[in-house]
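Beneath this line is the structure, given in structure tokens, with notes to follow.
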Protein chains: 2
Amino acid sequence: MVKAEVPPIRIRDVAALAGVSPATVSRVLNMAPSVNSADRARVLTAVKALGYRPNRLAQNLRRQKTEMIGVVVSDIDNPHFATMVRALEGAAYSLGYRVLLCNTDGQAEKQRSYLEVLAAERVLGVVLSPSNPAGDEIGALLDLRIPVVAFDRPVTDPRADAVVADNRGAAVTATKLLINAGHKHIGFLSNPDLFTVSQRLAGYEDTMAAVGLRPCSLPGYSRIEEGASATSKLLDSSEGITALIAGNNSMALGALRALHARKIKVPEEMALVAFDDPIWAAVANPPLTVLAQPIEQMAESMVDLLQERIHGNRLEPRRLVVDFELRVRESCGTAQ
Amino acid sequence: MVKAEVPPIRIRDVAALAGVSPATVSRVLNMAPSVNSADRARVLTAVKALGYRPNRLAQNLRRQKTEMIGVVVSDIDNPHFATMVRALEGAAYSLGYRVLLCNTDGQAEKQRSYLEVLAAERVLGVVLSPSNPAGDEIGALLDLRIPVVAFDRPVTDPRADAVVADNRGAAVTATKLLINAGHKHIGFLSNPDLFTVSQRLAGYEDTMAAVGLRPCSLPGYSRIEEGASATSKLLDSSEGITALIAGNNSMALGALRALHARKIKVPEEMALVAFDDPIWAAVANPPLTVLAQPIEQMAESMVDLLQERIHGNRLEPRRLVVDFELRVRESCGTAQ
DNA sequence: CTGAAAGCGCTTACAG
DNA sequence: CTGAAAGCGCTTACAG
């Protein structure tokens with residue numbers, strides 16, 4: 001049996017059934033204040049009777065916008081972004097917005113392409129962790145009056161909002177924690193490709209220099225294997241390193257892998273401090289001391305910033321800086 | 001300085017500049033085979049000169065569809081879904097589709113609401129891990145000729161495709177692994193709310209029964225804390241349990257937490273096998289023996305299934321079952 | 001308060 | 001091969 005094609009119900013069908021014009025139906029559905037209550041009731045009845053659902057595509061064209069926000073991250077499979085995306089989705093959903101997810105793999109070209117799509121789709125706003133903070137398409141979005149809020153790293157266009165964590169300060173905290181515990185040879189697993197990690201590296205280097213210690217960092221480019229091999233190199237160097245700061249959670253995983261492979265005890269033989277607080281950090285071997293970002297709070301702030309812009313309540317850009325929180329567990333080897 | 005409002009360029013602007021009709025511009029842009037090559041060249045020049053980009057919203061209305069696929073999961077922050085979403089995004093992107101991300105928190109109501117949005121937006125297809133496999137909106141989607149492919153768990157509507165892993169078989173493998181290692185008292189951390197976990201539980205129970213062992217499971221509802229408390233209860237019971245199977249990765253994390261808290265050595269005092277292979281599993285304490293799903297392959301299959309439907313190349317529904325892969329590491333305590 | 005009409009920016013039969 | 005015209009399904013000044 002071939003299924004009969006059911007023609008979708010349009011606003012004019014509802015209007016006909018209710019005995020009013022399509023304009024009136026539209027007004028009722030869009031909460032226009034002034035509609036005769038008898039008409040209103042009949043419209044509502046007709047809507048229900050027919051199971052009418054407005055065609056979003058038509059609404060979008062008419063209004064020249066889409067009730068969607070674009071979320072652009074470099075890797076949704078990284079817990080940092082997964083947690084952020086989840087929080088953003090929750091905040092957006094409760095405001096009636098949907099999330100268009102854009103995964104860039106850290107490629108400027110993919111970011112460009114996605115931002116172009118977001119502009120073409122006339123999303124209400126964009127939240128992005130920029131792979132390419134100076135991309136023209138960011139300006140193009142803003143030209144279209146589509147608000148943009150950056151996280152992790154600000155973008156160069158001064159019209160964009162931003163919410164970033166104090167990466168430098170967090171690294172200072174981590175470094176001091178280890179210095180105060182008596183460590184003199186502290187290594188840092190870095191990633192020159194990531195702005196956040198570079199900021200952390202800078203905080204580490206300055207803190208080391210300030211107390212006359214020699215910084216010693218190695219780049220690992222964020223894949224777990226690279227974190228492991230950077231760790232190995234650091235261990236093989238003549239530095240006599242006794243403590244390690246992992247620039248991000250991939251590096252921490254890599255460091256753990258290398259340390260486990262060599263049967264080096266953490267924290268007894270090697271202290272470790274990491275950034276971010278993915279679900280596994282508290283049950284790692286040993287439980288990881290971390291500097292955690294307030295991801296939920298950042299997500300809410302970003303959606304709020306977007307909301308202000310969407311409603312035209314603010315013209316001047318804002319840059320929020322939020323603090324990390326130190327969560328001392330076992331890996332740093334200090335009781336506190 | 002107030003920025004001048006730049007009126008967006010429309011197809012008629014391009015047509016005027018190129019000295020042709022809007023229809024011709026449209027044909028050139030949509031690769032219609034037969035357009036005079038002189039006209040074609042002039043259109044392309046005009047497009048470039050004006051920086052014209054077709055208005056997607058108008059295209060969507062006209063075509064009554066959107067180049068988007070909806071992806072519906074219960075928790076993007078769970079590595080299982082994060083990895084799946086990433087793989088789906090990659091596969092979709094290379095086919096020119098975008099991903100509308102829908103996070104349901106496992107709530108039937110949120111699933112309903114999202115599927116309604118996806119229908120209203122006339123997405124090209126939907127991939128979902130169903131919270132509510134019998135939701136009417138799934139049928140509504142299919143009525144609109146929007147293909148649906150389920151994963152993790154099939155949906156009841158026979159017109160939907162599905163890609164599921166052999167959860168039952170994987171649990172049989174896990175249980176036999178432990179039985180062969182000599183364990184007689186094997187506990188299972190379950191979650192009656194999750195179809196996948198229930199399937200695994202069934203495989204475990206049958207395998208235990210088949211060799212005359214007494215199954216012993218405790219529900220934990222998937223939050224890490226609950227996994228931990230279920231583990232504690234199992235340890236406190238009089239069963240004398242020597243091995244544990246964690247029904248999913250949250251339960252595994254909870255089990256590890258409880259085991260660490262009690263200083264119970266894994267695998268010496270307690271063997272552990274888990275499902276899925278999140279990034280941290282290989283560096284957990286100890287590295288976890290797992291049954292891993294071929295997530296990437298599942299994602300590709302699902303996008304392929306969608307693609308066949310979108311192009312109308314297939315009418316009869318398909319259900320694919322894929323196998324887990326056993327990855328023996330240290331937590332099960334068998335050298336193999 | 002309400003309807004007729006225009007229009008959002010495209011695409012696509014239709015006619016030539 | 002190409003253009004004029006209709007139309008996708010809404011919303012919203014405009015007039016009454």
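Computed from the coordinates by the stated procedures, all read-outs in this text should not be read as laboratory data. Source: prediction; values computed, not measured. All Cβ positions, glycine included, derive from the backbone under ideal geometry; neighbour counts span all protein chains shown.
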The size of the Cβ-based charge dipole (Lys, Arg +1; Asp, Glu -1) of the range B:90-221 about the Cα centre, to the nearest 20 debye, is 460 debye
Mean per-residue count of partner chain Cβ within 10 Å for A:255-263 equals 2
For chain B, one quarter of the surface area of the C-alpha convex hull, expressed in nm², comes to 23.6 nm²
Taking the label point 7 Å from Cα along the Cα-Cβ vector, the copy-to-copy distances for residue B:209, listed from shortest in nm with one decimal, are 7.0
Averaged over all viewing directions, the convex hull of the alpha carbons in the range A:82-162 casts a projected area in nm² of 4.9 nm²
Using the Cα gyration tensor of the protein assembly as shown, the equivalent ellipsoid's semi-axes, largest first and to the nearest Å, work out to 47, 34, 22
Counting other chain Cβ atoms within 10 Å of each Cβ in A:76-89 and taking the mean gives 6
Log10 I(q)/I(0) at q = 0.12 Å⁻¹ for the range B:178-328, from Debye over equal alpha-carbon scatterers, is -0.54
Placing one equal point scatterer on each C-alpha of the range B:21-62 and summing with Debye, one gets log10 I(q)/I(0) at q = 0.18, 0.21, 0.30 Å⁻¹ equal to -0.52, -0.69, -1.12
Looking only at lysines whose Cα falls under 26 Å of residue A:265's and that sit 8 or more positions away or on another chain, we get A:176, A:184, A:233, B:263, B:265
Going fewest to most other Cβ atoms within 10 Å around each Cβ, B:57, A:115 line up as B:57, A:115
Here the Kirkwood hydrodynamic radius of the range A:192-278, Cα-based and in Å, equals 13.1 Å
At the level of C-alpha centres, the distance separating the range A:146-198 and the range A:66-80, in angstrom, is 20 Å
Using the Kirkwood radius over Cα pairs of the range A:251-336, the Stokes-Einstein translational diffusion coefficient at 25 °C and 0.890 mPa s, in µm²/s and rounded to a whole number, is 162 µm²/s
Dipole check, chain B, charges on Cβ (K,R +1; D,E -1), about Cα centroid: among B:210, B:247, B:297 the Cα furthest to the positive pole belongs to B:297
Summing -39500 (n - 2.57) over every DSSP H run of at least 4 residues in the protein assembly as shown and dividing by its residue count gives a helix-only mean residue ellipticity at 222 nm, to the nearest 500 deg cm²/dmol, of -13500 deg cm²/dmol
If every Lys and Arg gets +1 and every Asp and Glu gets -1 at its Cβ, then about the Cα centre the protein assembly as shown yields a dipole, in debye to the nearest 20, of 1920 debye
From the Cα centre of the range B:226-303 to that of the range A:288-336, the distance in Å is 31 Å
Rounded to the angstrom and largest first, Cα extents along the principal axes for the range B:147-255 equal 50, 31, 17
If B:17, B:128 are placed from fewest to most neighbouring beta carbons inside 10 Å, the sequence is B:17, B:128
Proxy exposure order for A:298, B:84, A:251 (fewest C-beta within 10 Å first) is A:298, B:84, A:251
One can check that the equivalent ellipsoid of the range A:227-281, built from the alpha-carbon gyration tensor with semi-axes equal to the square roots of five times its eigenvalues, has lengths in Å, largest first, of 18, 11, 10
Counting other chain Cβ atoms within 10 Å of each Cβ in B:94-100 and taking the mean gives 3
Cα-based Rg then Dmax for the range B:8-137, in Å, read 19.8, 57
If you rotate chain B onto chain A, the residue of B with its Cβ nearest that axis, and the gap in whole angstrom, comes out as B:285, 1
At q = 0.20, 0.30 1/Å the base-10 log of I(q)/I(0) from the Debye formula over the alpha-carbon atoms of the range B:150-189 is -0.67, -0.99
Computed for chain B: size of charge dipole around the Cα centre, +1 on C-beta of each Lys and Arg, -1 on C-beta of each Asp and Glu, debye to nearest 20, value 1280 debye
